[in-house]
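The values are calculated or read from the model by the stated rules, or taken from the named source; none is laboratory data. Small disclaimer: the values here were computed from a predicted structure and weren't measured. Positions of Cβ are backbone-derived with ideal geometry, glycine not excepted, and every protein chain shown enters the neighbour counts. Note: areas computed on protein heavy atoms with side chains; ligands, DNA, RNA excluded. Shrake-Rupley method; radii C 1.70, N 1.55, O 1.52, S 1.80 Å.
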Amino acid sequence: MILQAENVIKRYQNQLALDYFSMSINEGEVIGLLGPNGAGKTTFIKTLIGLLSIDEGEINVFGIKQDGKNKDIRRQIGYVTQEITIYEEMTAKENLAFFGSLYGLKKEKLDRRILEVAEIIGLKDKLNQKAGHFSGGMKRRLNIGCALLHEPKLLILDEPTVGIDPQSRNYILEFVRKAHETGMTILYTSHYIEEVEAVASRVLIMDQGHPIAEGTLRELIERIKGDSHLLIDVRIGSEEVREKLQALPDVKEVALNDNQYHVIVPGGVIVIDRIIPILSSQGIVNINSKQPNLEDVFLTLTGKQLRDEV
Ligand code: ATP
């Protein structure tokens, strides 16, 4: 067991950021921690690393109780923060050497690891270039490299693809997949469902500081499999009409995203006859049904769309 967190409570003054939050991570898994902005993902990471103290509950990392004092825990974790933390005026190699030395790597091993890591992050040809001249995606890759030098037992990537180009994003997702194959344990937080679907072997969905569902992608989708999902495009959607649809008997959830209503009903229930009269004044453009995905799991369990808050 890499991590075991039980009923963790964390408050910032009056703001409850973690509310009886529990989760575990097993060796060798890529766990996707999915939640909207403000759900408490970064707060949880900081408590597990020991950067923030907790108010109640218990966290054990690598079998050691996290009280913020044990340096052995921190030494075995690679943490890639949401903000890119590299030195722009230094070359890629100097950055890697600097972060490697912080982890206590000495000359020979450091030189070897710099080359290995540069290969992994695809920056072997750019080692002598200043980081400040890199694109956002290359800086992020270098940032990940800096967290890999000491061969951590647990790698934490906190929203690693925010604000970077699609090519680097794919590179990072591919890196996570390959790292998983080599047995690395990774905690990957994101509010992008497709990413979590693509890389995670297990997913934990959290909202408002609390875990709301956990399992493999297949298990989570299985939970809502009985439901039917209708996507109805109209010319102009409105919150008032969304509420009318929501009030229909048998309708579980309705979300409005731009001019598309997403209606969830229990499988087998026919609601379309009742929906059409309500929407007729809005100009129906298209009606589709779709297979459920993680977004639907979140919507069914919370009544909210993840993307609303992005
Ligand atoms: P994001 O994806 O936006 O980083 P998150 O899921 O990581 O979101 P946190 O950053 O952990 O969420 O925030 C959880 C809650 O705690 C939010 O309501 C946030 O406003 C609040 N919060 C976070 N840091 C602080 C702080 N230093 N002081 C007060 N409140 C804070």
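Comparison of Leu157, Leu110 shows that the only residue that is assigned by TED's automatic domain parsing to the domain that holds Gly38 and buried (at least 21 other Cβ atoms within 10 Å of the Cβ) is Leu157. Residues of the range 1-15 that are open to solvent by 70 Å² or more (accessible area, probe 1.4 Å) and more than 13 Å from the ligand (Cβ to nearest atom): Met1, Glu6, Asn7. Across the range 202-227, the number of residues qualifying as out of contact with any Asp or Glu (no Cβ under 9 Å at 6 or more places or on another chain), surrounded by fewer than 19 Cβ atoms within 10 Å (Cβ to Cβ) and assigned to a strand (DSSP E or B) comes to 2.
Quick grid of which residues meet (1) surrounded by fewer than 16 Cβ atoms within 10 Å (Cβ to Cβ); (2) within 10 Å of the ligand (Cβ to nearest atom); (3) not in a strand (DSSP E or B):
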| residue | (1), (2), (3) |
| --- | --- |
| Ala17 | no, yes, no |
| Gly32 | no, no, no |
| Ala39 | no, yes, yes |
| Gly78 | no, no, no |
| Ile84 | no, no, yes |
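For Val251, the requirement of being away from the ligand (no atom under 16 Å from the Cβ) and either in a helix (DSSP H, G or I) or within 21 Å of Ala198 (Cβ to Cβ) (or both) is not met.
Taking the range 14-30, which residues are modelled with pLDDT of 95 or more and farther than 16 Å from Met1 by Cβ? If the condition is that a residue be modelled with pLDDT of 95 or more and farther than 16 Å from Met1 by Cβ, then Leu16, Ala17, Leu18, Asp19, Tyr20, Phe21 are the ones that fit. Within the range 287-308, can one find any residue that is in contact (Cβ under 8 Å) with a residue 24 or more places away in the chain, farther than 27 Å from Arg218 by Cα, part of a loop (DSSP other than H, G, I, E, B) and not aromatic (Phe, Trp, Tyr)? Looking for residues that are in contact (Cβ under 8 Å) with a residue 24 or more places away in the chain, farther than 27 Å from Arg218 by Cα, part of a loop (DSSP other than H, G, I, E, B) and not aromatic (Phe, Trp, Tyr), one finds none in the range 287-308, hence no.
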